[in-house]
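The numbers here are math on the coordinates, done by the rules we state, and not lab data. Quantities reported herein were computed from a predicted structural model and do not represent experimental measurements. Neighbour counts run over all protein chains shown; Cβ positions are idealised from the backbone, glycine included.
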Amino acid sequence: MRYWLQVVVATPAHSAIAGPLTYRSESLLSPGTLVRVPLGKREVLGVVWEVLPDSGELPEAKTRDIAGVLEGLAPLSATWRKLVTFTAGYYQRSLGEVALAALPPQLRELSALQLARRMKRPVVDTSRPQDATDLIALSPQQTMALAEFDAETLGARRPALLFGATGSGKTEVYLRAAARVLAQDPSAQVLVMVPEINLTPQLQARFEARFAHLGKERVVALHSGLTPAQRLKSWLAAHAGQARLVLGTRMAVLASLPNLRLLVVDEEHDPSYKQQEGARYSARDLAVYRARLETATGEPCRVLLGSATPSLESWQATITGRYQRLNMADRIGSAGATGLPTVRRVDMNHQPKHCVIAPPLLAAIAQRVARGEQSLIFLNRRGYAPVLACHDCGWKSECPHCSAFRVFHKIDRTLRCHHCGFTERVPRACPNCGNIDIAPVGRGTERLEEHLAELLAGVQRPDGSAVRITRIDADTTRLKGALESQLASVHAGEVDVLVGTQMIAKGHDFRHITLVAAINPDGALFSSDFRAPERLFSLLMQAGGRAGRDARRSAASEMWVQTFHPEHPLFEALKRHDYPAFADQQLAERQAAGLSPFGFSALIRAEAKTQEVAQGFLNAAALAAQTLQLAGHAHVTPYPAVPMTIQRVANIERAQMLVESPSRVALQGFLAAWQPVLFETRRQAEFKSLVRWAIDVDPIAI
Ligand code: ADP
Ligand code: ZN
Ligand code: ZN
C-alpha cells in the first residue's frame, strides 16, 4: 500500500511554497504525526496535515517518500491543528511557518533513538494529598470572584476578566482556579501565561510550591529564556500530558496540551503578548480563541484573563457581556479602604527651572530613607542621556545608520544606537567643529541615579549609615542572573532608593516600598499613537502598584507624578485609581473615531533602500487591490503609505500602510485576497530592491 500525505514544513510566508507539500508513505499515518521529510537537499521536520486517498492522479514520479516518523510521539491533536490553521489564516502567514515555530527547535535535531530514549523514561507517580494547612484564607473578594467564576463554568462559560487592583491577590485566585481544575480531573492540564517570566522569578516558585503535591515535574515552564534542551523537555512533558501545569510566556499559547481545561492570562493588557515578528499573533486573543476551540471539540475549557488595567478590548467585552467580569477592588488586608497609594501630582510649571526632582518630592524621598523605607523612581529611558550635543555648531549624536540619536552611556563612555546597536567611543571634541564642550541633553536612568546620589548625599538611614541607591534596567541586568540578584537585594531591604525603567514597574511583589515616583511621563500624552494613553495609564497604575503592598505600610504610601499637565484627565483618573472612568473616556473617543475595539485594522510594513520604493510598493499593491475589487474591499479603507516613526534603521528605509475596516470579517477577507496581489506586486521590476514586507493584523503600535 502507499498513501499520499499532505505535510506542512517550515516555509516562510514569503516563499512560493506556502501550503502543505505532498509526500508518499508506505504506512498509513494519522494527521498530526511528526515526520521527517526531504526538502530539496535537506531533510526537515514536518507535520502530517491530511491523508489523501490514492486517486492515482498524482504525479507519482515527482512525489518523494517521507524520510521517517518520529516514533513514540503521539500525533498532535486535531484541536491543536485547528488552532494553528486559525492562527496562520488570521495573521496571514503560512501554515508551515506557524506550525513549526510552535514546536521546540530541538525536535528537529533529535535522532529516532534519542527520542525513543526520552519517551521511554517512566513517569513515576510521586503525588501526595495536598496539605490544606498550606493554604491561606481567602479574602471575601477572592472568595466571591472564585464563586462567580465557578458558577459561570456551569453555564455559558464566557471568557472571564478578573479586574483586580494591584495587590488584591489575583495570583491566589489563579492558583485556586487552577487547583480546582486539576483536582477534578487527574489528567487535566492548565496553562498560565505571564508577560515576561524572567521578571518574576517569584511567581514560578509560588506555583511550584503550591502544586508540589502533584509530584515531580508536573509544573513546567515554557519560554524563550530556556535552553533548547529545557524547552524540549517542557514541551514533551506538556505534549505527553505529564505536565499538569505549564507556566509560560506568549509562545506557550501554541503548546501541545492534549487535556487543556483552563488558560490563565495574567496582566492580559501587557503589550508583550503580541508577537512582533514572523506570525504577529496576540497570545491573549489566541488564548480566548483556544478555550472556545477546546470546548467545541472536547471537554469544557475556560479562559481567565486578569489585570488591574485591562486592555480596552477586553474591558469593552465585559461591558457588552461577551466576557464575564470579576471584580476585586481592594488590596489584601486594606480593611475598608482600597489600600492603594495616595497619588500626588507635582505641577512642574511651578518648580525651579530645569529641576529634575521637584523639591517636595526630594524631601519625601529623603524622609522615606530616614524612616528605613524604600522608594522606587521610575524613568522609562535608559542610558545617561538620550542625546549628546555641541552648543556651538548644533551637532547632535545622530546614528549614521538610523533616523535616531545615539544614546550617551557614561559608564563605558560610548554612544550607542538603541535601534541598530552601532556603538562608538564618545568623541573628545565635537566631530563637526572641534569644540571640546559637548554636553549631554536630557536624561536617562544612569544620569538620574548619579543625580539622586548627589541630591541625597547628606541623608542618613535610621542607623546613621549612608543612603544606598541602586539602578535596575536593561543595562545593569545584561549578565545572566544579574536581575535575580539585584531584585533579591531589593527584597532583602539592602536598597533604599531604586531607580529603573518599566522593568521594575511591573509585577514585582515588593514589600518595603512606600513611595513610587514617575519622573517624566508626559511624553506619551501627546503621541500620535492612539494607544499611547492606554499604555501610559497602565504603566503608571502598575508602577504605583509597587508602593504600599504591605498592608501595614499601605496607608502612608504615595505615588508621585511629575508633570507639566496636572489637569490632564489621565492623571485625574490616576489620582482616583479610577480605571473605569479612564476606560469610559478612552472608549468614547475610540468609538467616535472608529478605532479598536469598535473598528479593526492591519498594518502592512515594507522595508527598502529608499522610502520611494517602500512606499511605492505599498501604494501600488493598494491600487491593484482597488482595481481588482477584492473581497471585502467595499468595507475596507487602505490609507496612503507613510514613513514609520523611526523611518530608517540600519540603513533600511521603513514605510507602513494602515488598512481599516468596521468589520473584522471584511478585513480578513480583504487581507486574504490581497496577499497574492502583494506577492505579485513585489515581483515587478521597480520593486526588486524591496527588502521585505509583512502584514501585522490587530497591530498594537501605530
Ligand atoms: P496582584 O497580583 O493582584 O497584584 P498578588 O497576588 O501578588 O496581587 O498578592 C499580593 C500579596 O498579597 C501577595 O504577597 C500575596 O501573597 C498576598 N495575598 C494574596 N491573597 C492573600 C490572602 N487571602 N491572605 C493574605 N495574603 C494574601
Ligand atoms: Zn560643534
Ligand atoms: Zn542606529
Would you mind working out the magnitude of the charge dipole of the chain relative to its Cα centre, with +1 at each Lys and Arg C-beta and -1 at each Asp and Glu C-beta, to the nearest 20 Debye? 1080
How large is the helix-only mean residue ellipticity at 222 nm for the chain, computed as the sum of -39500 (n - 2.57) over DSSP H runs with n ≥ 4, divided by its residue count, in deg cm²/dmol to the nearest 500? -9500 deg cm²/dmol
For a quick check: with amide H placed at 1.01 Å from N, whose amide H comes under 5 Å from residue 343's, ignoring anything fewer than 5 positions away on the same chain? 559
Calculated FRET value between residue 593 and residue 136, using beta carbons and R₀ = 45 Å, to 0.05: 0.50
Fully extended, how many nm does the chain gain between residue 414 and residue 529 (0.36 nm per residue separation, minus their Cα-Cα distance)? 38.3 nm
Diffing the range 571-580: the Karplus 3J(HN,Hα) column from phi (6.51, -1.76, 1.60, θ = phi - 60°), in whole Hz with x for Gly and Pro, holds 6, 4, 5, 4, 4, 8, 6, 9, 4, x
If unit charges are put on Cβ atoms (+1 for Lys and Arg, -1 for Asp and Glu) and the dipole of the chain is taken about its Cα centre, the option from 481, 440, 263 lying farthest towards the positive end turns out to be 481
Taking the alpha-carbon distance from residue 396 and a cut-off under 20 Å, which lysines remain once sequence neighbours fewer than 8 residues away in the same chain are dropped? 410
Compute the Rg/Rh shape ratio of the chain: radius of gyration over Kirkwood radius, all on alpha-carbon atoms. 0.98
Given charges of +1 on the Cβ of Lys and Arg and -1 on the Cβ of Asp and Glu, with all other atoms neutral, how large is the dipole of the range 136-328 about its Cα centre, in debye to the nearest 20? 260
Give the long-range amide H neighbours of residue 221: residues separated by 5 or more places, or on another chain, with amide H under 5 Å away, using H modelled in the peptide plane at 1.01 Å from N. 247
For the range 657-669, just list the computed ³J(HN,Hα) in residue order, Karplus coefficients 6.51, -1.76 and 1.60, θ = phi - 60°, integers in Hz, with x standing in for Gly and Pro. 10, 8, 10, 10, 7, x, 10, 5, 5, 4, 4, 4, x
In whole Hz, the Karplus estimates of ³J(HN,Hα) for the range 321-330 (6.51, -1.76, 1.60; θ = phi - 60°; x where Gly or Pro) are x, 5, 10, 7, 10, 10, 10, 9, 7, 10
Rg and Dmax of the range 600-697, using alpha carbons, in Å: what are they? 12.8, 38
Give me the extension gain from residue 564 to residue 482: residue separation times 0.36 nm, minus the current Cα-Cα distance, reported in nm with one decimal. 26.0 nm
List the residues whose amide H sits under 5 Å from the amide H of residue 193, counting only those 5 or more places along or on another chain, with H placed 1.01 Å from N in the peptide plane. 248, 264, 265, 266
Distance from a point 7 Å along Cα→Cβ of residue 664 to each backbone N in the range 157-186: keep the residues under 13 Å and list them by number. 159
Under a Cβ-Cβ cut-off of 13 Å, what is the net charge of the residues other than residue 451 that fall near it, where Lys and Arg count +1 and Asp and Glu count -1? 0
Length gained, residue 552-residue 42, 0.36 nm per residue minus C-alpha separation, equals 177.2 nm
Tell me, which longest segment in the chain has none of the GluC sites (Glu not before Pro) that fall in DSSP loops with at most 15 further Cβ atoms within 10 Å? 278-493
Selection of trypsin sites (Lys or Arg not before Pro), the range 266-359, meeting DSSP coil and at most 15 other Cβ within 10 Å: 322, 353
Which one of 130, 417, 400 is farthest out on the positive end of the charge dipole of the chain, using unit charges on Cβ (Lys, Arg +1; Asp, Glu -1) and the Cα centre as origin? 130
What nm distance separates the two modelled labels at residue 2 and residue 433, each placed 7 Å from Cα along Cα→Cβ? 7.9
Using a Förster distance of 25 Å, the FRET efficiency for residue 152-residue 297 (Cβ separation, nearest 0.05): 0.80
Under 19 Å from residue 216, Cα to Cα: lysines that are on another chain or at least 8 residues apart: 120, 233
Charge context of residue 349, other residues only, Cβ under 14 angstrom, K/R +1, D/E -1: -1
Using the charge dipole of the range 600-697 (Lys, Arg: +1 at Cβ; Asp, Glu: -1 at Cβ; taken about the Cα centre), state which of 684, 616, 667 has its Cα farthest towards the positive end. 684
